[in-house]
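**Student:** Here it is, the structure in full.
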Amino acid sequence: MLDITHAAGAVIGDLSRAADGGGGLRIGWSDRDGVQAITLAVTAHPVAQEEVVTTPSGGRVFLAPDAARYLRDKLLDVRMDVDGRFRFSISDR
């Protein structure tokens, strides 16, 4: 299962509360023209087939099936860039 750092969990918790309290961060999977990529979006609720992971701070992550398989042994972290925007990163555990 995807591991989430404390910092990422806190940011996801804030995003979840901003999405009417029941929302969360959707992590999807895009495979366009042979290029595979992870996608992120704040959404109001999970859709069918998505795995829901709850962080200790109450934030929720909705994992699309293909993304969940890829992220099984990964770590989600977040850092703030020089412009004050949050940048999520995924790395091996």
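The values are calculated or read from the model by the stated rules, or taken from the named source; none is laboratory data. Small disclaimer: the values here were computed from a predicted structure and weren't measured. So basically every Cβ, Gly included, is an ideal-geometry build from the backbone, and we count neighbours across all protein chains shown. Quick note on the areas: whole protein, heavy atoms, side chains included, nothing else; ligands and nucleic acids left out. Shrake-Rupley method; radii C 1.70, N 1.55, O 1.52, S 1.80 Å.
**Student:** Using modelled backbone amide H atoms (1.01 Å from N, in-plane), which distant-in-sequence or interchain residues come within less than 5 Å of K74's amide H?
**Tutor:** Answer set, sorted by chain and number: D3.
**Student:** Next question. Just from its helices, what would the mean residue ellipticity at 222 nm be for the chain, if runs of 4 or more DSSP H residues each count -39500 (n - 2.57) and the sum is divided by every residue, rounded to the nearest 500 deg cm²/dmol?
**Tutor:** Rounded to the nearest 500, the figure is -6000 deg cm²/dmol.
**Student:** So, one more: With every protein chain present, what is the per residue accessible area of region 1-47 (1.4 Å probe, Å²)?
**Tutor:** Dividing the accessible area of region 1-47 by its residue count gives 57 Å².
**Student:** Going 7 Å from the Cα of A18 toward and past its Cβ, which residues in region 63-80 have a backbone nitrogen under 14 Å from where you end up?
**Tutor:** Answer for this model: 79-80.
**Student:** Something else: Under 5 Å between amide hydrogens, which residues at least 5 positions from W29 or on another chain qualify, with H placed 1.01 Å from N in the peptide plane?
**Tutor:** Placed amide hydrogens put T39, A67 under 5 Å from W29.
**Student:** Residue by residue through region 52-57, which ³J(HN,Hα) values in whole Hz follow from phi under the Karplus form 6.51 cos²θ - 1.76 cosθ + 1.60 (θ = phi - 60°), with glycine and proline marked x?
**Tutor:** Working through the residues one at a time gives 10, 10, 9, 7, x, 7 Hz.
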